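Worksheet: the structure to be examined is printed underneath.
We did not get these values from a lab; they are worked out from the coordinates using the rules stated. These numbers were taken from a predicted model, which means no experiment stands behind them. Virtual Cβ from ideal backbone geometry, glycine too; neighbours counted across all protein chains shown.
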Amino acid sequence: MFGNNIDRDKFLEYAYTKDIMKITGPPCDWLKTYNLKSWGFRRYDKTERAYASFKKGDIFVFHSMKQEYLPADPGVKTGIIGIGILSCKKIIDNEPYDGAFTPEGYRPLKIYFLDVWFFGDTDKIINESIAEKKKKGIGYIMKDIYNLTKNIISFSEMRENDCVISTQGAVSKISPEKSKRLLKIIAGRLH
């Protein structure tokens, strides 16, 4: 399908042929995805059914919601901050605590991405674990969150382009019509 260096135009051409799903999570968790190219889901009936259907090559957009573990900050916007292509999935029931904000084994349904694209100012993000960032203080993490969520596709922009995503649920499919309109916006943000 794709090698290690995915060409932007080939990826977009491919994405237009696929169903697109939305994953929702707080910005701190998206920093983990930026560093590790992975995401985890909690065990709920709906997420387990969705997880069972995931296949290599599936496309996911990343919806950043309000803060969950850190104090609310009006400077952190909500919306779509990136997109990724699924490489594989793995259930890790006994995942040890990683020093971040979620407890041990909190999200055992793991997915791993072949590649991810974030729309923010990622050149300014230090590639280190959330645990390392935590040791340096909340302000340090917030700086990375601000950089990650820059250039976000806001809900007002989605409304203007008739492609508003659902904010409900950890994962959901985006309709084909909305997906195509959303991909046009995303194309302008991929570097």
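Filter the cross-link list LYS10/LYS173; LYS90/LYS134; LYS18/LYS133; LYS46/LYS136; LYS110/LYS178 down to pairs whose alpha-carbon distance in this structure exceeds 31 Å.
Distance filter (> 31 Å) returns LYS18/LYS133; LYS46/LYS136.
Which of (i) 15.8, 44; (ii) 16.2, 49; (iii) 17.7, 58 is the computed Rg and Dmax of the Cα atoms in Å for the structure on display?
(i)
Along Cα→Cβ, 7 Å out, is where each label goes; now give me the distance between the ones at ASP9 and GLU95 in nm to one decimal.
3.7
If you place +1 on the Cβ of every Lys and Arg and -1 on the Cβ of every Asp and Glu, how big does the dipole about the Cα centre of segment 8-187 come out, in debye to the nearest 20?
Charge dipole, segment 8-187, about its Cα centre: 220 debye, nearest 20.
Using Cα springs under 10 Å in a Gaussian network model of the chain, which residue among LYS89, LYS55, LYS32 shows the largest mean-square fluctuation?
With Cα springs under 10 Å in the chain, the top fluctuation among LYS89, LYS55, LYS32 is at LYS55.
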